[in-house]
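Scroll down for the structure; my scribbles are underneath it.
The values are calculated or read from the model by the stated rules, or taken from the named source; none is laboratory data. These numbers were taken from a predicted model, which means no experiment stands behind them. All Cβ positions, even for glycine, are placed from backbone atoms using ideal geometry, and neighbour counts span all protein chains on display. All accessible areas refer to the heavy atoms of the entire protein, side chains included, with ligands and DNA or RNA removed. Shrake-Rupley method; radii C 1.70, N 1.55, O 1.52, S 1.80 Å.
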Amino acid sequence: MKKEKVILTGDRPTGKLHIGHYVGSLKRRVELQNSGEFDKIFIMIADAQALTDNVDNPEKVRQNIIEVALDYLACGIDPAKTTIFIQSQIAELCELSFYYMNLVSVSRLQRNPTVKTEIQMRNFENNSIPVGFFTYPISQAADITAFKGTVVPVGEDQKPMLEQTNEIVRRFNHIYGETLIEPEILLPDNAACLRLPGLDGKAKMSKSLGNCIYLSETAEELQKKVKSMYTDPDHIRVEDPGKIEGNTVFTYLDAFCRPEHFERYLPEYANLDELKAHYQRGGLGDMKVKRFLGAIMEEELGPIRERRKELEKDIPAIYEMLRKGCETAREVAAETLSEVRSAMKINYFEDMSFIDEQAKRFQE
Ligand code: ATP
Ligand code: MG
């Protein structure tokens, strides 16, 4: 039988989606969806995972589910082609995680570099890390394998999660026989999109850090944020030579700028290399570069903002779409769980031969 091509990916409903999500994964998902190359596509709103580090703020998670769903649709995710569902509604995922927990050691989880940084960033009260948060890479393995995901389009921070998933798959299949499928990570081709930095240029753009440009930003707010962006602190006067490395404005240009943008907004330069060279030489002011970036961002985000406004007019319809998505997702996850249970031989009441064997054992 031909192996199915399945996409599984998702986002935490901890805020509206930002341009880091867009370039890191969302834009790619829309392209893959429209390529018609995939048999099934699932996008999960990871509310249960969001609760692992928002335990005191369930309302935030609840409120943001619809925000994330609106962002998906506004960017071009089409529910006719892609199943969008909410993680907590698929109880099968918890059961899978519970079995996978035995396949991973505590020290292996402690070595996960993304979890390590997130623990530092999140400043858990009294340094006490919730077990649920600590084990979320295992729950992610359950999410991916439940849907037999073969391709997972994500940003670079997810690499350790995919490695962990593949280890679990291999260990499971080794112990219980070929059951689960190893997924492949699909990272952005463009290096600037792997881990888009926040406006402050410090960490990765992240909802939890408040350093974001949101996809639904108003036109005014968008321009204000672009103007406030971190550049080269030593580039004080226009004639000073400037640095490109670590200069967030140029990183965003690397992520968003295409040759046609120069024709439209800065015809005196042929391409981004020329613009960078001028900045490095000196004589090019930050404001001019920021105005250029602002125009490009508006071109990209304007249509998304407009579509979102339209979608906001019928919120119940979006919840209905999510409800249907959850139903579809539950059926698929239940099928995998049943295969897992039978591989683990814990399907006692379905396996008559097992009961017969037991009966014989007691007759002997
Ligand atoms: P949180 O702060 O709550 O963890 P987040 O902003 O990190 O939120 P997630 O929901 O954790 O967002 O990530 C969803 C997806 O978006 C993942 O595939 C992740 O790799 C990708 N992603 C998130 N932030 C960025 C970024 N700054 N650059 C590239 N990809 C990103
Ligand atoms: Mg994150």
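Observations on the model:
- When Ala142 is tested against (1) touching a residue at least 12 places away in the same chain (Cβ under 8 Å); (2) open to solvent by 20 Å² or more (accessible area, probe 1.4 Å), only condition (2) is not met.
- The number of residues in the range 19-41 that are within 9 Å of ligand 1 (Cβ to nearest atom) and of a type in the set (A, V, I, L, M) comes to 3.
- Cβ-Cβ contacts under 9 Å between residues 6 or more apart (or on different chains), taken from a first residue in the range 338-359 that is open to solvent by 90 Å² or more (accessible area, probe 1.4 Å) to a second residue that is of a type in the set (Val, Ile, Thr), are listed as Tyr348/Ile355; Phe349/Ile355.
- All positions within the range 91-141 that are more than 21 Å from the chain's Cα centre (by Cα) and of a type in the set (Phe, Trp, Tyr): Phe98, Tyr99, Tyr100, Phe124
- Odd one out for Ala74, checked against (1) touching a helix residue (DSSP H, G or I) at 6+ places or on another chain (Cβ under 8 Å); (2) at pLDDT below 95; (3) among the small types (Gly, Ala, Ser): (2)
- Selection within the range 1-18 - near ligand 1 (Cβ under 8 Å from one of its atoms) and either β-branched (Val, Ile, Thr) or touching a Pro at 6+ places or on another chain (Cβ under 6 Å) (or both): Thr9, Thr14
- Residue within the range 32-49 that is within 16 Å of ligand 2 (Cβ to nearest atom) and open to solvent by 20 Å² or more (accessible area, probe 1.4 Å) present: yes
- For first residues located in the range 98-120 and more than 13 Å from ligand 1 (Cβ to nearest atom), partners that are open to solvent by 100 Å² or more (accessible area, probe 1.4 Å) and lie 6+ apart or on another chain with Cβ distances below 6 Å form the pairs Leu103/Arg171.
- Whenever a residue of the range 146-159 is more than 16 Å from Asp39 (Cβ to Cβ), its partners that are of a type outside the set (Lys, Arg) and part of a loop (DSSP other than H, G, I, E, B), lying with C-beta atoms within less than 7 angstrom and at least six residues away or across chains, give the pairs Gly155/Leu194; Glu156/Leu187; Glu156/Leu194.
- Of the residues making up the range 184-243, those that are under 25 Å from Lys159 (Cβ atoms), in a helix (DSSP H, G or I) and open to solvent by less than 20 Å² (accessible area, probe 1.4 Å) number 2.
- The set of residues in the range 246-262 that are modelled with pLDDT of 95 or more and either in contact with a Phe, Trp or Tyr (Cβ under 6 Å, 6 or more places away or on another chain) or exposed (fewer than 14 other Cβ atoms within 10 Å of the Cβ) (or both) comprises Thr248, Phe262.
- Residue within the range 42-51 that is among the aromatic types (Phe, Trp, Tyr), touching a Gly at 6+ places or on another chain (Cβ under 6 Å) and more than 12 Å from ligand 1 (Cβ to nearest atom) present: no
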